[in-house]
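Asks: Here it is, the structure in full.
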Amino acid sequence: MPATRLAKNSIALAGLAIVALYLLAILVSLVWLPFDPVKIDAEHLLEAPSLASGHLFGTDEFGRDILSRIMKGSLVSLVISISATALGSVVGIFMGIWAGYLGGRWDHWIMRLADVLFSFPSLLLAIFVMAVLGERTYNVVFAIGIVYIPQFARISRGAILTIKPAEFVKAARSSGAGSAYILFRHLLPNILVPIIVQISLSLSVAILLESSLSFLGLGVQPPYPSWGNMLSSARKVMVIAPWTAVYPGLAIVFLVLGFNLLGDGLRDILDPRLKNVK
Amino acid sequence: MGRYIAKRLLSLIPVLFGVSVIVFFLVRLIPGSALQMYMGTQVEASPAQMEELKRIFGEDRPVPVLYLEWLGRLLQGDFGVSLRTGRPVLPDIASRLPLSLELTLMALFLALLIGIPQGIFASLGRRPFWDLANRVIGLLGLSLPQFWLAALMVLAFSGFRGWIPMGNFVSFAANPLRNIQMLLLPSLAIGIGLAAVIMRYTRNSMLEVLQMDYIRTARAKGLTRRVVILRHALKNAILPVITVAGFNTGYLLGGAIVIEEVFALPGMGRLALYAIYQRDYPVIQGIVLVIATLFVLVNLLTDLIYALVDPRIRLDSGGKH
């Protein structure tokens, strides 16, 4: 059973534990934060991390507690990553399975569209979309979601093509099942393994893309904290206050690592054939 | 091979056409016309001047017509004029392209230099602990945000300016040694993620090859471990690694955009960011087109190299399925 295999896979378990820790931090941040993450505190500018003051990760150039801002920022990072991955995967899977199932002209045009979207490096496409839509938080979801559409389209199309000739599909068709029924009832459940793995890895890349956009000033706008914009403002003061740059970066690294561990472990668990693919 | 190359080159045309459509029409989605943005920075205009400006900005013609006009000019190498500086876009991009390309190539080189030996090493010691450690290191490499790594490098070396010069950029032509010194850290920041990917592929590919019969034969006939690994195994294991490195080169170019900003390097990425901050759309369009075209060409080149090395691909009608 997958559940017991999950328990035995230390990589996946470690990833799950890290992600769970962040979810816990988000839940806590909804009801309690050590300090106000937005309010300026002129008496505690750029204080080094210390237990005595209660600022465990120090304060930034406006005297705001960095731990509180990281906790507050984890919500926006995670919500954006999950929404963007959901958007990209739903649209991409839909395109991919229709292309793979129908074949012919549909397949040709849908996959050409995916090819065109694939012609932009992901970060460039996201930056371009943000430049066009304007720097608003919900636009980040579109910018990253668009990047994922061709990826999910290719993966699900490839998976459909490998199982389309299977006996059970022919059986369903000869017993009179319609295309939509076969697609969603018989084919989709059978291609979930590569998709689940891709979702986990996409979440990790989404965190990196969101923080890059916010770092460049194109994502989440200050004073609302996000890990990317915290690092952006830290650049001006990090030489005298390195903690302003170190902790938000570590927050990104650990969550991304968590999703990567989870995705890598899930690949082992769910499909041994995929083990050597990447 | 000639026919295969011609076929692949032809297949680029619809893709690049699609790219141009997206770049053109996405920019049209922006609220407020280019003329309004232009007028925002200018003094009042008389009605006659307004008519003239409307004609220049194409507000008197339908959008598909404007697209065809735009495409026609693009094909003649005219990428339009910057809304801010009034200068033609293409020469500005061309003067900054070499630095971004140099960064990308150095990043690729460093990624291969770090990733391949590390991957070979990881495929040899197969004790469970080392296996796990190598996997976690590989995944950690994938998890580092490039811009954060770059910022930490700036921080770490701010005390040693003499070793790693920052500040005023020196071109390769002016002073090769100093130029490479300056680009070393930025390209490392860009390439480390790809190094991790390459390491993982090299390891997996080596593990597959090392199980094969011909490797056992080579060992059995008395060749040393070193010769078997480097001459016999690596030669076959390296092929998928080259492909992965090739397909990821375009992403390095994207990474260069952010890293140039952190290290204050005057490349194409910085030009793009300033254009975005100032809503200078002709410049943004130009850069996106240039990078997407390069990206598609690099991918094609990777395909061709692969086909050159592995003749089986050419017989497979060149389909990318």
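Asks: Condition first: at pLDDT 90 or above and hydrophobic (A, V, I, L, M, F, W, C). Now tell me which residues in region B:80-104 satisfy that.
Replies: B:89, B:90, B:93, B:94, B:97, B:99, B:101, B:103, listed by residue number.
Asks: Answer yes or no as to whether residue A:205 is closer than 22 Å to residue A:15 by Cα and either of a type in the set (Phe, Trp, Tyr) or within 8 Å of chain B (Cβ to nearest Cβ) (or both).
Replies: Working: closer than 22 Å to residue A:15 by Cα: yes; either of a type in the set (Phe, Trp, Tyr) or within 8 Å of chain B (Cβ to nearest Cβ) (or both): no.
No, not satisfied.
Asks: Do we have residue B:160 as aromatic (Phe, Trp, Tyr), at pLDDT 80 or above and either crowded, with 20+ Cβ neighbours inside 10 Å or more than 30 Å from residue B:200 (Cα to Cα) (or both) here? Give the derivation first.
Replies: Details: aromatic (Phe, Trp, Tyr): yes; at pLDDT 80 or above: no; either crowded, with 20+ Cβ neighbours inside 10 Å or more than 30 Å from residue B:200 (Cα to Cα) (or both): yes.
The answer is no for residue B:160.
Asks: Exactly one condition in (1) under 30 Å from residue A:164 (Cα atoms); (2) of a type outside the set (S, T, N, Q); (3) facing chain B (nearest Cβ under 10 Å) is false for residue A:195; which is it?
Replies: Only one criterion is unmet by residue A:195, namely (3).
Asks: Could I ask something else about it? Name the residue, out of A:144, A:160, A:182, A:196, that is part of a helix (DSSP H, G or I), closer than 24 Å to residue B:299 by Cα and either among the small types (Gly, Ala, Ser) or modelled with pLDDT of 85 or more (or both). Steps first, answer last, please.
Replies: On the way: A:160 fails: closer than 24 Å to residue B:299 by Cα; A:182 fails: closer than 24 Å to residue B:299 by Cα; A:196 fails: closer than 24 Å to residue B:299 by Cα.
That would be A:144, the only listed residue that is part of a helix (DSSP H, G or I), closer than 24 Å to residue B:299 by Cα and either among the small types (Gly, Ala, Ser) or modelled with pLDDT of 85 or more (or both).
Asks: Any residue in region B:45-58 that is closer than 15 Å to residue B:80 by Cα sitting within a Cβ distance under 6 Å of a residue that is part of a helix (DSSP H, G or I) and at pLDDT 80 or above? List the pairs, counting only those 6 or more apart or interchain.
Replies: Between residues of region B:45-58 that are closer than 15 Å to residue B:80 by Cα and residues that are part of a helix (DSSP H, G or I) and at pLDDT 80 or above, the close pairs are B:58/B:66.
Asks: Here's a follow-up. When the residues of region A:9-32 are narrowed to those that are in a helix (DSSP H, G or I) and polar (S, T, N, Q), which ends up surrounded by the fewest Cβ atoms within 10 Å (Cβ to Cβ)?
Replies: Taking region A:9-32 as the starting set, the residues that turn out to be in a helix (DSSP H, G or I) are A:10-31.
Subsequent filtering for residues that are polar (S, T, N, Q) retains A:10, A:29.
Numbers: A:10: 12, A:29: 18.
Going through the qualifying residues, I end up with A:10.
Asks: Next question, about the same structure. Just the residues that are buried (at least 18 other Cβ atoms within 10 Å of the Cβ) and under 15 Å from residue B:251 (Cβ atoms), please, taken from region B:289-305. I'd like the intermediate steps shown before the answer.
Replies: The initial filter retains those residues of region B:289-305 that are buried (at least 18 other Cβ atoms within 10 Å of the Cβ), namely B:289-292, B:294-296, B:298-299, B:302-304.
The answer is B:291, B:292, B:294, B:295, B:296, B:298, B:299, B:302.
Asks: Of the residues that make up region A:239-252, is at least one crowded, with 18+ Cβ neighbours inside 10 Å and away from chain B (no Cβ under 12 Å)?
Replies: No, every residue in region A:239-252 fails to be crowded, with 18+ Cβ neighbours inside 10 Å and away from chain B (no Cβ under 12 Å).
Asks: Within the bounds of region A:82-90, is there any residue that is touching a residue at least 40 places away in the same chain (Cβ under 8 Å) and not in a helix (DSSP H, G or I)?
Replies: Scanning region A:82-90, I find no residue that is touching a residue at least 40 places away in the same chain (Cβ under 8 Å) and not in a helix (DSSP H, G or I), so the answer is no.
Asks: Looking at (1) farther than 29 Å from residue A:153 by Cα; (2) at the interface with another protein chain (Cβ under 8 Å from one of its Cβ atoms), which is the only condition residue A:224 fails?
Replies: (2)
Asks: If residue B:233 satisfies all but one of (1) buried (at least 21 other Cβ atoms within 10 Å of the Cβ); (2) among the small types (Gly, Ala, Ser); (3) in contact with an Asp or Glu (Cβ under 9 Å, 6 or more places away or on another chain), what's the number of the condition it fails?
Replies: (3)
Asks: Here is a list of conditions, (1) among the charged types (D, E, K, R); (2) within 14 Å of chain B (Cβ to nearest Cβ); (3) in contact (Cβ under 8 Å) with a residue 24 or more places away in the chain, and residue A:8 meets all of them except one; can you say which number that is?
Replies: (3)
Asks: Same structure again: Which of the residues belonging to region A:170-180 are out of contact with any helix residue (DSSP H, G or I) (no Cβ under 6 Å at 6 or more places or on another chain) and either under 15 Å from residue A:100 (Cα atoms) or surrounded by 15 or more Cβ atoms within 10 Å (Cβ to Cβ) (or both)? Steps first, please.
Replies: Initially, region A:170-180 is screened for residues out of contact with any helix residue (DSSP H, G or I) (no Cβ under 6 Å at 6 or more places or on another chain), giving A:170-171, A:173-180.
Across region A:170-180, the qualifying residues are A:177, A:179, A:180.
Asks: Further, regarding this structure: Which condition does residue B:116 not pass, out of (1) out of contact with any helix residue (DSSP H, G or I) (no Cβ under 6 Å at 6 or more places or on another chain); (2) away from every other protein chain (no Cβ under 14 Å); (3) β-branched (Val, Ile, Thr), if it passes all the others?
Replies: (1)
Asks: So, of the residues in region B:172-225 that are touching a residue at least 40 places away in the same chain (Cβ under 8 Å) and surrounded by fewer than 17 Cβ atoms within 10 Å (Cβ to Cβ), which turns out to be nearest to the other protein chains (Cβ to nearest Cβ)?
Replies: Per the criteria, the residue is B:184.
Asks: So, in region B:270-284, of the ones that are within 9 Å of chain A (Cβ to nearest Cβ) and assigned to a helix (DSSP H, G or I), which residue ends up nearest to the chain's Cα centre (by Cα)? Talk me through it step by step, then tell me what you get.
Replies: Of all residues in region B:270-284, those within 9 Å of chain A (Cβ to nearest Cβ) come to B:272-273, B:275-277, B:279, B:281, B:284.
Retained after the next criterion (residues that are assigned to a helix (DSSP H, G or I)): B:272-273, B:275-277, B:281, B:284.
Values: B:272: 14, B:273: 16, B:275: 19, B:276: 19, B:277: 22, B:281: 21, B:284: 16 Å.
Ranking the qualifying residues of region B:270-284, first place goes to B:272.
Asks: Let me ask you something else. Considering only residues that are touching a residue at least 40 places away in the same chain (Cβ under 8 Å) and in a helix (DSSP H, G or I), which ones fall in region A:114-140?
Replies: Step one: filter region A:114-140 for residues touching a residue at least 40 places away in the same chain (Cβ under 8 Å), giving A:114, A:122-123, A:126-127, A:130-131, A:135-137, A:140.
Residues satisfying the conditions are A:114, A:122, A:123, A:126, A:127, A:130, A:131, A:137, A:140.
Asks: Next question. In the set A:192, A:257, A:218, which member is crowded, with 24+ Cβ neighbours inside 10 Å and out of contact with any Lys or Arg (no Cβ under 9 Å at 6 or more places or on another chain)?
Replies: Values: A:192 fails: crowded, with 24+ Cβ neighbours inside 10 Å; A:257 fails: crowded, with 24+ Cβ neighbours inside 10 Å.
Step by step, each of A:192, A:257, A:218 is checked, and only A:218 is crowded, with 24+ Cβ neighbours inside 10 Å and out of contact with any Lys or Arg (no Cβ under 9 Å at 6 or more places or on another chain).
The values are calculated or read from the model by the stated rules, or taken from the named source; none is laboratory data. Source: prediction; values computed, not measured. Note that we place each Cβ from the backbone using ideal geometry, even for glycine, and neighbour counts take in every protein chain shown.
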